[in-house]
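First comes the structure, then the notes that go with it.
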Amino acid sequence: MAGFKDVFERVETKFLLDEMQYRGLRKKLKNIAEVDSYGETSILNIYFDTPDFKLIERSLEKPVYKEKLRLRTYGIPQDDTNAFVEIKKKYKGVVYKRRISMPYSEALDYLTGKKEPAKDGQIKKEIDYLLQYYKGIRPAMAISYDRIAMAGIYDPELRITFDTNIRWRTDHLSLKNGNKGKDILLPGQHLMELKIAGAMSVEMAGILDELNIRQCSFSKYGRGYVDYMYGNVNTDNRKPAKIASFPSAKAV
């Protein structure tokens, strides 16, 4: 998909909205942001992790620095569909995302150690280092969702996204299987992400306050992982359920 950036540096703030808050916010945003040229898209991801889930376990501890590796497509892919291999890092509240694109089948071969991709460069070297550093890293969980993306009318750096139908699964880890999985959100809920280069505008802060929309901590992979491990994404008293092994890289 043309027009996608390979490097991002921004602050990402998340908010969980009910249906009334969502409808009210969309009305308030009419003079601030508009749906971008891609409209509503289905986003499919495979998150990679170690056998002992080092990346997501560390992320859930809310450290100063954390990172994730994922494979992403927009829509259900075929072998030649453009896919993105992404490293997402967060340091002191700032998100840094670096990614390279290649055909879906080539990306799978690369990430599962079967074949080097044709593309090279600095970002690939960073991904290579991560693949070597995290021993045994392999496909761990598929996360999919439907997204409406908006861009600022006057501020081109402003990005607002609304995600629904967020689902996870740990079997059939091929993005060709689409958005099958277990729901993370409750009916009528929307996950909003506000993506800005610096501080939130006074106008936006006022709108959120008026609609009683409050910032929250929310990781899609983290919620799916906790649900898989403990059986309930909304509990703070986590008691492990019977844990099965994640599928091997052959599953994709």
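The values are calculated or read from the model by the stated rules, or taken from the named source; none is laboratory data. Being a predicted model, the structure only gives us computed values, none of them experimental. Note: ideal-geometry Cβ built from the backbone for every residue, glycine included; neighbour counts use all protein chains shown.
Taken as a whole, the structure leaves residue 155 outside the set of residues that are assigned to a helix (DSSP H, G or I) and either out of contact with any Gly (no Cβ under 7 Å at 6 or more places or on another chain) or at pLDDT below 95 (or both). The residue that is surrounded by the most Cβ atoms within 10 Å (Cβ to Cβ), among those in the range 192-214 that are more than 24 Å from the chain's Cα centre (by Cα) and assigned to a loop (DSSP other than H, G, I, E, B), is 211.
Of the residues screened, residue 26 is one that is among the basic types (Lys, Arg) and under 19 Å from residue 204 (Cβ atoms).
Scanning the range 124-144 for residues that are among the β-branched types (Val, Ile, Thr) and at pLDDT below 95 yields no hits at all.
If you check 220, 242 for being at pLDDT below 95, closer than 23 Å to residue 141 by Cβ and of a type outside the set (Gly, Ala, Ser), only one passes: 242. For first residues located in the range 32-44 and touching a residue at least 60 places away in the same chain (Cβ under 8 Å) and over 10 Å from residue 150 (Cα atoms), partners that are among the polar types (S, T, N, Q) and in a strand (DSSP E or B) and lie 6+ apart or on another chain with Cβ distances below 6 Å form the pairs 44/73; 44/144. If you go through the range 112-135 and pick out every residue that is surrounded by 11 or more Cβ atoms within 10 Å (Cβ to Cβ), in contact (Cβ under 8 Å) with a residue 12 or more places away in the chain and either more than 16 Å from residue 67 (Cα to Cα) or of a type in the set (Phe, Trp, Tyr) (or both), you end up with 5.
When the residues of the range 154-170 are narrowed to those that are of a type in the set (D, E, K, R) and farther than 15 Å from residue 44 by Cβ, which ends up surrounded by the most Cβ atoms within 10 Å (Cβ to Cβ)? Of everything passing the filter in the range 154-170, 159 is surrounded by the most Cβ atoms within 10 Å (Cβ to Cβ). Evaluating residue 176 against the criteria (1) modelled with pLDDT of 95 or more; (2) buried (at least 17 other Cβ atoms within 10 Å of the Cβ); (3) in contact with a helix residue (DSSP H, G or I) (Cβ under 9 Å, 6 or more places away or on another chain) leaves one unmet condition, (2). Of the set (1) basic (Lys, Arg); (2) outside any strand (DSSP E or B); (3) within 19 Å of the chain's Cα centre (by Cα), all apply to residue 125 but (3). Scanning the range 164-187 for residues that are hydroxyl-bearing (Ser, Thr, Tyr) and in a loop (DSSP other than H, G, I, E, B) turns up 170, 174. Looking only at the range 55-98, filter to residues that are among the basic types (Lys, Arg) and modelled with pLDDT of 95 or more; which one of those is farthest from residue 229 (Cα to Cα)? Ranking the candidates gives 72 first.
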